[in-house]
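Below is one structure, written out as structure tokens; the observations come after it.
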Number of protein chains: 2
Amino acid sequence: MDQNIVDAIKKIESDIGKLSSAQKILLTTDGSITAILDILKGHVHIETLVQEFREADSDVAELLSIDKGDNVNYRVILMGPGEPLMHAVSYIPVKRLDNDFKDDLIKADIPIGRILKKHSIESRREIKKVYVEDMSDEMHDIFKVNSPMLTRTYNIIHNGEILIWIKETFPYSFFRD
Amino acid sequence: MDQNIVDAIKKIESDIGKLSSAQKILLTTDGSITAILDILKGHVHIETLVQEFREADSDVAELLSIDKGDNVNYRVILMGPGEPLMHAVSYIPVKRLDNDFKDDLIKADIPIGRILKKHSIESRREIKKVYVEDMSDEMHDIFKVNSPMLTRTYNIIHNGEILIWIKETFPYSFFRD
């Protein structure tokens, strides 16, 4: 585990309070979050809030190591077996997608972890940042609680390039045991 | 998550009792166990009990999809920041190892998850079995508790082939919170 990630977890605990084992793992693992939610909470589904293609602005181009103006898939989803447990935003450079993966991403509400598994895609995950966000009105409407949001960003790397940039966030009051 | 793994977790809970979230994740995740132990328990080290090259017998050949008599690396280790938390056995077909990976595997006590990360190896993990074993005298001497052992086997797949077969086991009395 990178020291800066260990330090980020310590900082969160000193800022907002102790984290459960499940929370620490959800914030730092390089494994599939879908698989973890499946086993802790029951088979998860996703609800797609936004699914569209966009031209990368300079921020997104930098995140993904692509050129400004390149086509990216932008997706915002909620995950959970019933009520939402997690909110996720992803950016995928379209030129790095093969067609089968692209079809699954666009046509159906399938979590990315399950798409990677279905296509037997070999990859590695590189955790970028782990931090706390204040709860926005939008998140309050989604999760129906008042709580700081535990948040992380990471890259899924495939063929030596960033295939997916993901930001995941969930309330501190979830996954407490 | 494969249904047979979900069912295996349910069977364990009905046989020996409720599992904690951390135990369920440790038994089913496709992420690095080293990274999880690092964040839950502090930076882990390994103690190598056995490290040797062997000819594959027919059972090992079948596990790894190689020919009987092929050269394999056999390693038995304990992992933990201090007292051992987990016992792991691994088989690696030598012909699928590149030299840098092989050097790290042989020369130093580095957990496999950390070797994969160091060399930026893209892979996927395929969980094979999750089950309970009775505690052997050897495990009792290592872990100093009386407890059933939570156990799993999985493959790390790289370039479409099994790079590593791993069996991990830890006492049910560990990772309870």
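The values are calculated or read from the model by the stated rules, or taken from the named source; none is laboratory data. Given the structure is predicted, the values throughout are model-derived calculations rather than measurements. Please note: Cβ atoms are built from the backbone with ideal geometry, for glycine as well, and neighbour counts cover all protein chains shown.
Just the residues that are among the β-branched types (Val, Ile, Thr) and closer than 24 Å to A:Asn4 by Cα, please, taken from the range A:135-177. Break it down into steps so the answer makes sense when it comes.
At the first step, the residues of the range A:135-177 found to be among the β-branched types (Val, Ile, Thr) are A:142, A:145, A:151, A:153, A:156-157, A:162, A:164, A:166, A:169.
Once the filter is applied, which keeps residues that are among the β-branched types (Val, Ile, Thr) and closer than 24 Å to A:Asn4 by Cα, the range A:135-177 yields A:Thr151, A:Thr153, A:Ile156, A:Ile157, A:Ile162, A:Ile164, A:Ile166, A:Thr169.
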Residue hits (the range B:126-146; surrounded by fewer than 18 Cβ atoms within 10 Å (Cβ to Cβ) and within 14 Å of chain A (Cβ to nearest Cβ)) are B:Glu126
Taking the range B:111-122 and keeping only residues that are in contact (Cβ under 8 Å) with a residue 40 or more places away in the chain and either surrounded by fewer than 16 Cβ atoms within 10 Å (Cβ to Cβ) or small (Gly, Ala, Ser) (or both), one is left with B:Gly113
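Residue under question is A:Ala61, and the condition is that it be hydrophobic (A, V, I, L, M, F, W, C), within 14 Å of chain B (Cβ to nearest Cβ) and either within 22 Å of A:Glu122 (Cα to Cα) or outside any strand (DSSP E or B) (or both); does it hold?
On the way: hydrophobic (A, V, I, L, M, F, W, C): yes; within 14 Å of chain B (Cβ to nearest Cβ): no; either within 22 Å of A:Glu122 (Cα to Cα) or outside any strand (DSSP E or B) (or both): yes.
No, not satisfied.
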When the range A:93-127 is checked residue by residue, the ones that are over 17 Å from the mean Cα position of the chain (by Cα) and polar (S, T, N, Q) are A:Asn99, A:Ser120
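Among the residues of the range A:134-149, is there at least one that is assigned to a strand (DSSP E or B) and either within 14 Å of the chain's Cα centre (by Cα) or free of Cβ contacts under 8 Å to residues at least 12 places away in the same chain (or both)?
Within the range A:134-149, one or more residues are assigned to a strand (DSSP E or B) and either within 14 Å of the chain's Cα centre (by Cα) or free of Cβ contacts under 8 Å to residues at least 12 places away in the same chain (or both).
Scan the range A:54-90 for residues that are small (Gly, Ala, Ser) and in contact with a Pro (Cβ under 8 Å, 6 or more places away or on another chain) and jot them down. Give the steps one after another, and end with the answer.
Taking the range A:54-90 first, the residues small (Gly, Ala, Ser) are A:56, A:58, A:61, A:65, A:69, A:80, A:82, A:88, A:90.
Answer for the range A:54-90, where residues must be small (Gly, Ala, Ser) and in contact with a Pro (Cβ under 8 Å, 6 or more places away or on another chain): just A:Ala56.
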Within the range A:57-77, is even one residue modelled with pLDDT of 95 or more, closer than 17 Å to A:Thr153 by Cα, under 12 Å from the mean Cα position of the chain (by Cα) and among the aliphatic types (A, V, I, L, M)?
yes
Over the range B:1-46, the set of residues touching a residue at least 40 places away in the same chain (Cβ under 8 Å), away from chain A (no Cβ under 14 Å) and either under 14 Å from the mean Cα position of the chain (by Cα) or in a helix (DSSP H, G or I) (or both) is B:Asp15, B:Ile16, B:Ile46
Worksheet item: Just to be sure, is B:Leu163 part of a strand (DSSP E or B), within 24 Å of A:Ile156 (Cβ to Cβ) and either at pLDDT 95 or above or touching a strand residue (DSSP E or B) at 6+ places or on another chain (Cβ under 7 Å) (or both)?
Response: yes
In the range A:91-106, anything part of a helix (DSSP H, G or I), closer than 15 Å to A:Gly160 by Cβ and either touching a residue at least 40 places away in the same chain (Cβ under 8 Å) or aromatic (Phe, Trp, Tyr) (or both) is listed as A:Arg96
Checked the range B:71-125 for anything among the hydroxyl-bearing types (Ser, Thr, Tyr), touching a Leu at 6+ places or on another chain (Cβ under 8 Å) and within 14 Å of chain A (Cβ to nearest Cβ); matches are B:Ser123
